[in-house]
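Written out below as structure tokens is the structure these notes cover.
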Amino acid sequence: MLLRKNFARAAILPLVALAPLFLAAAGARSQEISKEAVEMLLKENPKIILDILESHKVELFNMVNQGAQEAREQQQQKDLDDSFKNPLTPEIPENARIRGNKNARYTLVEYSDFECPYCRRGYSTVEELRNKYGKDLRFVYKNLPLPMHKQAMPAAQYFEALSLQSEEKAWKLHDIMYQEQDKLSEDFLREAARRVGADMARLEKDAKSDKVQKAIQADQQEAQSFGFDGTPGFLLNGVPIRGAYPVEHFDAIIKKLSEKAAEKAPNQGP
């Protein structure tokens with residue numbers, strides 16, 4: 001609703017800004033400009049609007065675009081501020097597959113698709129964040145295979161199935177699938193699984209099991225409940241990040257999380 005109101009305001013602003021031109025076109029003197037005069041002039045001479053807009057199409061287009069962009073940015077900032085106050089809560093059970101320190105200050109949950117090119121960019125960002133924040137960051141990967149990617153579901157099934165054998169091997173497979181994403185195919189998945197030392201007979205069986213399918217469906221349903229309809233999507237201590245943003249975007253959120261944590265902490269002074 002706020003976005004629509006701001007966009008409407010953005011569309012009106014050019015008319016206000018061009019009001020002197022309307023009046024000048026009608027021969028009005030600058031000292032006589034007033035809101036009432038503008039309204040009366042335009043009601044009595046509506047063609048003035050069309051004539052002026054026609055001769056200032058570029059300025060109007062740029063002003064409307066700028067106003068719409070400002071409205072989007074304001075809405076995004078409002079959504080971000082609201083998410084700090086009301087963070088989302090993903091399901092992370094005691095036995096969850098976690099990369100990093102399980103007691104870390106920051107929890108990064110990703111909803112992703114092994115075949116999505118933007119998710120490959122997200123993978124690189126996550127690795128950079130893990131290296132940067134070390135023991136302060138724990139990472140949880142959740143599956144959100146998209147229907148248009150044929151290899152996304154088989155890859156998710158292999159990842160979940162291998163997790164039943166070994167978390168370490170599953171994470172190695174996770175890395176290979178993103179690092180060599182352009183090779184994804186059924187043959188490549190088998191070759192990559194063998195490369196990390198998977199029990200292939202068990203893997204093939206588990207990949208088709210109800211347990212693996214239910215795990216993937218649970219991830220998908222949770223992602224949808226949080227409004228993630230594309231990939232990648234992230235939750236950083238419950239703050240949603242929709243898309244493959246650069247590291248700096250995550251840094252800014254972590255900085256704000258740290259500031260808010262400091263505000264809540266009791267005064268340590270004398």
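The values are calculated or read from the model by the stated rules, or taken from the named source; none is laboratory data. Remember, it's a predicted structure, so these values are computed and weren't measured experimentally. Cβ placement follows ideal geometry from the backbone for every residue including glycine, while neighbour counts extend to all protein chains displayed.
In this structure, is Tyr133 in the same structural domain as Leu189 (by TED's automatic domain parsing), surrounded by 15 or more Cβ atoms within 10 Å (Cβ to Cβ) and part of a strand (DSSP E or B)?
Considered against the rule, which asks whether it is in the same structural domain as Leu189 (by TED's automatic domain parsing), surrounded by 15 or more Cβ atoms within 10 Å (Cβ to Cβ) and part of a strand (DSSP E or B), Tyr133 comes out as no.
Quick check on Ala28: is it part of a loop (DSSP other than H, G, I, E, B), surrounded by 12 or more Cβ atoms within 10 Å (Cβ to Cβ) and modelled with pLDDT under 80?
So Ala28 fits the description; yes.
Are any of the residues in region 161-180 surrounded by 18 or more Cβ atoms within 10 Å (Cβ to Cβ) and of a type in the set (Asp, Glu)?
No, every residue in region 161-180 fails to be surrounded by 18 or more Cβ atoms within 10 Å (Cβ to Cβ) and of a type in the set (Asp, Glu).
Return a yes/no flag: does region 150-170 have any residue that is within 16 Å of Tyr123 (Cβ to Cβ) and touching a strand residue (DSSP E or B) at 6+ places or on another chain (Cβ under 6 Å).
yes
For region 92-130, enumerate the residues that are under 27 Å from Met148 (Cβ atoms) and either surrounded by fewer than 19 Cβ atoms within 10 Å (Cβ to Cβ) or at pLDDT below 95 (or both).
Passing the criteria: Arg97, Pro117, Tyr118, Arg121, Ser124, Glu127.
Can you confirm whether Tyr123 is of a type outside the set (Asp, Glu), under 19 Å from the mean Cα position of the chain (by Cα) and not in a helix (DSSP H, G or I)?
No: the conditions fail for Tyr123.
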